[in-house]
1. How many residues are within 25 Å of the chain's Cα centre (by Cα), more than 7 Å from chain C (Cβ to nearest Cβ), assigned to a helix (DSSP H, G or I) and not hydroxyl-bearing (S, T, Y) if we restrict to region B:150-186?
2. Can you tell me which residue among C:L17, C:L45 is among the hydrophobic types (A, V, I, L, M, F, W, C) and modelled with pLDDT of 85 or more?
3. Might you let me know whether region B:106-118 holds any residue that is polar (S, T, N, Q), away from chain C (no Cβ under 14 Å) and within 19 Å of B:A4 (Cα to Cα)?
4. Checking the structure you have, find out if any residue of region B:187-197 is part of a helix (DSSP H, G or I), farther than 24 Å from B:T297 by Cβ and within 11 Å of chain C (Cβ to nearest Cβ).
5. Can you tell me which residues in region C:1-33 are part of a helix (DSSP H, G or I) and without any contact (Cβ under 8 Å) to a residue 24 or more places away in the chain?
6. For region C:88-104: of the residues being more than 7 Å from every other protein chain (Cβ to nearest Cβ) and at pLDDT below 90, which is surrounded by the fewest Cβ atoms within 10 Å (Cβ to Cβ)?
7. List, please: which pairs have Cβ atoms under 7 Å, are six or more places apart or on different chains, and start with a residue in region A:31-46 that is surrounded by 19 or more Cβ atoms within 10 Å (Cβ to Cβ) and end with one that is in a loop (DSSP other than H, G, I, E, B) and of a type in the set (S, T, N, Q)?
8. Could you tell me whether any residue of region B:91-108 is touching a residue at least 12 places away in the same chain (Cβ under 8 Å) and assigned to a helix (DSSP H, G or I)?
Amino acid sequence: MPLVDHNAVHWGALARAALGLALCPLLFGVINRVKAKFAGRTGQPLLQTYFDLARLLKKGAVYSRTTTWLFPMGPLLGLACALAALCLAPLGGMPGLLSFEGDLFLFAGLLSLGRFATAAAALDTGSSFEGMGASREMQFAVPAELAQILGLAALAQATGSLSLSEMLARIDMVRWEAAGPVLALTGTALFLVLLAETCRIPVDDPNTHLELTMIHEVMVLDHSGPDLAFILYGQGVKMWTLCAMLAGLLAPVRSGDPLLDVSLGVAGVFALALVMGVVESSMARLRLLLVPRLLVGATALSALALILLLR
Amino acid sequence: MLGALTILVPALAGAAAFMLREHRARRALLVGAAVAHLLLTLAAFAAPARPMFDGALLLDEPGRLFLLITSVLFLAAAFYSAGYLEREMRGSRPDMIEGRLFSNSPEARFTGCLLLFLAAMSFVCMARNLGLLWVGVEATTLASAPLIYFHRHHRSLEATWKYLLLCSVGIALALFGTYMLALAGGGEISLNLNALMAAGPTLDPVLLKAAFVFLLVGYGTKMGLAPMHTWLPDVYSESPSVMALMSTCLLNVSFLAILRVRQVLAAAGQAQFGNDLLVFLGLTSMAWAAVFLLRQTDYKRLLAYSSVEHMGILAFGAGIGGAGMHGSLMHVLAHGAAKGAMFLLAGNVLAAYMTKNVSEVRGAVRALPFSGPLWVAGVLALTGMPPFGLFVSELAILRAALAGDRPFLAVIFLVLLAMAFIGITTAALRMAQGENTIPARPEPMSATWPPLALLLAALLLGLYQPAPLAAVLAASARLTGGF
Amino acid sequence: MLSLVEFILVGLVLTNLVLLGTSRIGLCIRMVAFQGVGLAFLPLLGHGDLTWSSLAISAATALLKGWAFPTLLFRSLESAHVRAEVEPYVSYSGSLLFGVAALAVSVWLGGRMPLPGPGVPQLLIPVAFFTILVGLFGIVTRRKAVSQVVAYLVLENGIFAFGAVALRKAQLLVEMGILLDVFVAVFVMGIAIFRINREFDHIDSGRLASLKE
């Protein structure tokens, strides 16, 4: 029996999406604070990203004469895709705003559409530098998307549903005991994908300003003002969405009380942000050549999980 | 218990050889152990077969046959190497091909490994448990690897590495096949040959076939069947002649291992599957070898490819079955003797001419008054000319193939034999004829008597078989042929 | 609940993937040692009651595969003074993708094999196949002599895992003989690596190519 009614309008889901929209910039603050603690610094305020967003939105944007309509389109489309993905994602085992059978493909498609928009805008500047970033981003996207799709397929196979909300609602301690290795493999693969999608160490260094190592940052160099704010916020929404999914998979504690479940989900998201902060503090960025290997490794893990289920 | 002594005596002698510091004593030990081994083998021939260690070891008729040829070849090798080691120079000297300096590995290690190698092969001849059979075959690989690296130059090292890696992988696959065989019996029966054959029809046929394929590939690698033979020419061309001679025994015992497995297959009523594979691999090996024999410029590699060809003949004969199996076993004896003689003679030619290139050796008949004519006789024996034993055995296999239900196989067999004949004789006879490029020189006794004796044995096999030998041959063919 | 055997098997698969994907020989050696220790439990867990012979086999396996082989390999690596990189002919990503394909093939093959009996996890045969395939792949595609030996050990581990299922009536004599042989094989290979290094100043077996037709 399905646990999620696809047609019902969930007021709770609306509230959960709003929660995500409000809290997602805080994730950057948490990660930065963890890194600062590790480095023995005080660090920037937790709410720094909110201040940055407000500052950027007040500014005007500067456009190069060589760009076309594609250029301002990039951040907009990227943000739109991230927001749409957020609507699909469940939080703490509770369904997302929208759900239907097969929405996991839409989810993956939205993420890659967002990536395409950013890369296309970067190419539109005509700068070889930004083209290099776009090329790297797309190169890493190939194994990352493969790993993600295979991981989601493994989850679908394990739970017997093609809807994200339904899938995560069905994962609980009982299922973990039955198919622990499979879920652990998928979780590991999706965590690596999360690092790649959100441009964190060891795939990409968000703080880098060295030309030879930048990937995501180099694509958005020419954006300014509100456009940059959109990109920043879109990143935050994307991170929130993926963290919420992963937290639902890795910490399947379901109490039955909606409020408690949601707070557990939010706690899971911030716990993941903590982990990302620890990862960033404890290891260096991988060499560019090693990144595809890491992501192919993630693909292998997902494929292993899927094969274990299909046999 | 005579059988067990044939393992124990060389093993102990091998261990002692590592300890002995005196060269003369060690060489005497080598020859003594070889003589003792042959005597024990002959004595075991007379005694009835008695199972040892819970039936894990048993010297049955096929085992006796292979033990006999191993023992005879080892005796020849021991006599030859006693003189060979005496003649080998001490210290470093220039390599005859590239001129770089190299030295020999310690003589004690060579002698010790040679004896351990013999012990391992005796063990294989007796092993009735397929797991122990595997242990024995792997032990032969390991004991022989240091022998290849006797001359410490980089080519022999390369050959050693190839040999170790290829044979280890092949043997590992054979182990996989062995386990699969156990699985075919449901995992409950032991790997003992008798138990497996008794379980025969109840074995899972698919698993049994898969197991046979893995075992054939695995032991076939050690036997030198194409296309798994690639280590063989390198090893033969870079190791001392004695080692090359001993590896003829190695190929033989690997063949015995394959025959043991086929006994199980036959007991399960799947003999046809195994026979088809053997015929196919046999003809492939013969064809492969024939092609490489036709344009071979290195006479040690020539002999190596000739070995591949003859292993193909063995597999073909075994695959034909019946009288072909009888011919095949006979071929093991005759080929062993003839090939052993040829390797020793090739060593003599190499020592005189200091080159392995066919085109640089001329007039061996005149330059080497003893080895030269023997070389010609050996070539005739090896290519299956009457009245040598190889003629009789090849004829038996051919007749069996013609009498079978697929006579076209006999035609292919004949064509491939002819190709090999052309390849070997054009190269080897050219070496013997013509004006000698080096002055005639006397030859030491130890270098000429062993090949002469082996060639006489090959000749004798073609003319007359002693009654006990004929009885063992017939019994082995019956046992291993599954008919 | 997941049995310990299944846990070991999943560990085996993961270490295989690491072996395919890593460039450090040291890590490869550690992974193989890790596999060996895991495999040492199989004779104990496979079939019910503990016997002295299965205990002995288990202990010998753990000692050899977990301690002796890595020590030997590390020693030859040190004596060879080489860069501790694997240097494969096929890229690491390609190797990993091969691993995924090999896994699919072995699961497919394993599904076609009859199950050896009750109490044996379904995963065992596919995992054994997979490990064997990874070992063969490693021997073919790795350039250094040391990594070839590591791959040989992986192959051996796969066969051992298979044997733990197939040979449920553990025969001490046979198993000990096999272990001894493998030990000597690795020992001899270790010596050969040392010699190759002395002779060529490298252990790149790809450059052992003067013998050919």
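The values are calculated or read from the model by the stated rules, or taken from the named source; none is laboratory data. Since we're looking at a predicted model, the values are computed, not measured. Here the Cβ is made from the backbone with ideal geometry for all residues, glycine too, and neighbour counts use every protein chain on show.
1. 8
2. On the way: C:L45 fails: modelled with pLDDT of 85 or more.
C:L17 is the lone residue from the list that is among the hydrophobic types (A, V, I, L, M, F, W, C) and modelled with pLDDT of 85 or more.
3. Step one: list which residues in region B:106-118 are polar (S, T, N, Q), which gives B:111.
If we keep only those that are away from chain C (no Cβ under 14 Å) too, we end up with B:111.
Checking which are within 19 Å of B:A4 (Cα to Cα) leaves us with none.
No, there is no match, as no residue in region B:106-118 is polar (S, T, N, Q), away from chain C (no Cβ under 14 Å) and within 19 Å of B:A4 (Cα to Cα).
4. Kept after step one, since they are part of a helix (DSSP H, G or I), are these residues of region B:187-197: B:193-197.
Subset that is farther than 24 Å from B:T297 by Cβ: B:193-197.
Right, trim to within 11 Å of chain C (Cβ to nearest Cβ) and you get B:195.
Among the residues of region B:187-197, at least one is part of a helix (DSSP H, G or I), farther than 24 Å from B:T297 by Cβ and within 11 Å of chain C (Cβ to nearest Cβ), which makes the answer yes.
5. Taking region C:1-33 first, the residues part of a helix (DSSP H, G or I) are C:4-21, C:25-33.
The answer is C:F7, C:L14, C:T15, C:V18, C:L27, C:M31.
6. Quick first cut of region C:88-104, residues more than 7 Å from every other protein chain (Cβ to nearest Cβ) only: C:88-91, C:94-95, C:98, C:101-102.
Still in the running and at pLDDT below 90: C:88-91, C:94.
On the way: C:P88: 19, C:Y89: 11, C:V90: 14, C:S91: 14, C:G94: 15.
Filtering first and then ranking leaves C:Y89.
7. A:N32/A:Q44
8. So far as region B:91-108 goes, yes, one or more of its residues are touching a residue at least 12 places away in the same chain (Cβ under 8 Å) and assigned to a helix (DSSP H, G or I).
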